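Engineer: Starting off with a structure, shown below.
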Amino acid sequence: DFGAGAYPDFEAFFHGFATQLRFLADLTCEYNNFLGEAHQTIRPTPYISALMEGPLESGKDVTKGGALYNSSGTACIGLADITDSLMAIRKLVYEEKKVSFAGLMEAIRANFQNNPALLAMIRNKVPLFGSGNAEALATANRITKLAHDIFKEHTNYRGGPYTAGFWSMSNHVAFGTLTGALPSGRLAGKA
C-alpha cells in the first residue's frame, strides 16, 4: 500500500523495496535449484565435464558439483530503471514533495497521459542513472550491493554460491514489452 503514512520516509520505502527484492530472490534461487536438480538427472554433461577443471579429479559431472568453481548467477535486469525510479520517488515524493504516492501511482497507471507535467519533471529535473550525478551513482551502487548481499546468502543445488550480475542479454526489450509505466518516467511497453 502506497497510501499516506505507509512509508514515512525514503529509508522506510527503500526497506520495503529491499524486502520485496529479497522475496523475489528467494523464489528465484529456489526455482533455479529445482531446475538444476532436474537437470542433474535428465541432462548430465559428460563432454562439458571433461573440458572443465575439477570433474576428472572429483569423479563428478559438473551438474553434480564436480567443477572447481560451482557458482550460479542471476541476471539482474533493469538497474537503470530501478535507480531512476528510486531517484524519482526520493526526489519528488519525499524531498521536494512535488507529488504524493497516490498521485504518482495514478500517473503510472495512466501511462503518464493524465499528467504530462509530472513526466516532464521526472525526465528533466530528477538526476538519472548514467548522468554523472553522484547521488544517482550512489543509489545504483546501493542497489547493486543489496542484490549482491541478498544473492550471496543462497547456496545453489551444486553447493556453490549465488552471485548477482547486471546485464540484460537483450531481455530488456522483451521484458519492456511486458512492463507497465515506471516511476522513472519509462512508459509502458518500452525497452
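Engineer: Select from the range 63-80 the residues that are surrounded by 14 or more Cβ atoms within 10 Å (Cβ to Cβ) and in a loop (DSSP other than H, G, I, E, B) and list them in ascending order. Before the answer, list the steps.
Structural biologist: Within the range 63-80, the subset surrounded by 14 or more Cβ atoms within 10 Å (Cβ to Cβ) is 63-67, 70, 72-74, 76-80.
The answer is 65, 66, 67, 70, 76, 77, 78.
Engineer: Working only within the range 81-110, note down all residues that are of a type in the set (A, V, I, L, M, F, W, C), part of a helix (DSSP H, G or I) and open to solvent by less than 40 Å² (accessible area, probe 1.4 Å). If you could, list the steps in order and put the result at the bottom.
Structural biologist: The initial filter retains those residues of the range 81-110 that are of a type in the set (A, V, I, L, M, F, W, C), namely 82, 86-89, 92-93, 99, 101-102, 104-105, 107-108, 110.
Checking the rest, the ones that are also part of a helix (DSSP H, G or I) come to 82, 86-89, 92-93, 101-102, 104-105, 107-108.
86, 87, 88, 89, 92, 93, 101, 104, 107, 108 - these are the residues of the range 81-110 that are of a type in the set (A, V, I, L, M, F, W, C), part of a helix (DSSP H, G or I) and open to solvent by less than 40 Å² (accessible area, probe 1.4 Å).
Engineer: Would you check if there is a residue in the range 156-175 being surrounded by 17 or more Cβ atoms within 10 Å (Cβ to Cβ), under 15 Å from residue 78 (Cβ atoms) and of a type in the set (S, T, N, Q)?
Structural biologist: Looking through the range 156-175, at least one residue is surrounded by 17 or more Cβ atoms within 10 Å (Cβ to Cβ), under 15 Å from residue 78 (Cβ atoms) and of a type in the set (S, T, N, Q).
Engineer: Related question: Got at least one residue in the range 132-141 being open to solvent by less than 60 Å² (accessible area, probe 1.4 Å), over 28 Å from residue 90 (Cα atoms), part of a loop (DSSP other than H, G, I, E, B) and not β-branched (Val, Ile, Thr)?
Structural biologist: Narrowing the range 132-141 to residues open to solvent by less than 60 Å² (accessible area, probe 1.4 Å): 133, 135-136, 138-140.
Narrowing the set further to residues that are over 28 Å from residue 90 (Cα atoms) leaves none.
Checking the range 132-141: not a single residue is open to solvent by less than 60 Å² (accessible area, probe 1.4 Å), over 28 Å from residue 90 (Cα atoms), part of a loop (DSSP other than H, G, I, E, B) and not β-branched (Val, Ile, Thr).
Engineer: Here is a list: 187, 119. Which entry is in contact with a Phe, Trp or Tyr (Cβ under 7 Å, 6 or more places away or on another chain), in contact (Cβ under 8 Å) with a residue 40 or more places away in the chain and in a loop (DSSP other than H, G, I, E, B)?
Structural biologist: Numbers: 119 fails: in a loop (DSSP other than H, G, I, E, B).
Exactly one residue qualifies, and that residue is 187.
Engineer: A further question on this structure: So is residue 144 surrounded by 20 or more Cβ atoms within 10 Å (Cβ to Cβ), part of a helix (DSSP H, G or I) and within 21 Å of the chain's Cα centre (by Cα) or not? If you could, list the steps in order and put the result at the bottom.
Structural biologist: Details: surrounded by 20 or more Cβ atoms within 10 Å (Cβ to Cβ): no; part of a helix (DSSP H, G or I): yes; within 21 Å of the chain's Cα centre (by Cα): yes.
Spelling it out, it is not the case that residue 144 is surrounded by 20 or more Cβ atoms within 10 Å (Cβ to Cβ), part of a helix (DSSP H, G or I) and within 21 Å of the chain's Cα centre (by Cα).
Engineer: What pairs can you find where one residue is in the range 92-108 and modelled with pLDDT of 95 or more, the other is of a type in the set (Ser, Thr, Tyr), and their Cβ atoms are less than 8 Å apart, with a gap of 6+ or different chains?
Structural biologist: 93/100
Engineer: I'd like the residue in the range 111-129 that is over 17 Å from the mean Cα position of the chain (by Cα) and open to solvent by 70 Å² or more (accessible area, probe 1.4 Å) and, out of all such residues, is nearest to residue 161 (Cα to Cα).
Structural biologist: Applying the filter and picking the extreme gives 123.
Engineer: If you don't mind, another one. Run down 47, 31 and say which single residue is closer than 22 Å to residue 165 by Cβ, of a type in the set (Ser, Thr, Tyr) and without any contact (Cβ under 8 Å) to a residue 12 or more places away in the chain. It would help to see each step written out before you state the result.
Structural biologist: Values: 47 fails: closer than 22 Å to residue 165 by Cβ.
Going through 47, 31 in turn, just one is closer than 22 Å to residue 165 by Cβ, of a type in the set (Ser, Thr, Tyr) and without any contact (Cβ under 8 Å) to a residue 12 or more places away in the chain: 31.
The values are calculated or read from the model by the stated rules, or taken from the named source; none is laboratory data. All values derive from a computational prediction rather than experimental measurement. Using ideal geometry, Cβ is built from the backbone for each residue, glycine included, and neighbour counts are taken over all protein chains shown. Calculation scope for accessible area: heavy atoms of the full protein, side chains included, ligands and nucleic acids excluded. Shrake-Rupley method; radii C 1.70, N 1.55, O 1.52, S 1.80 Å.
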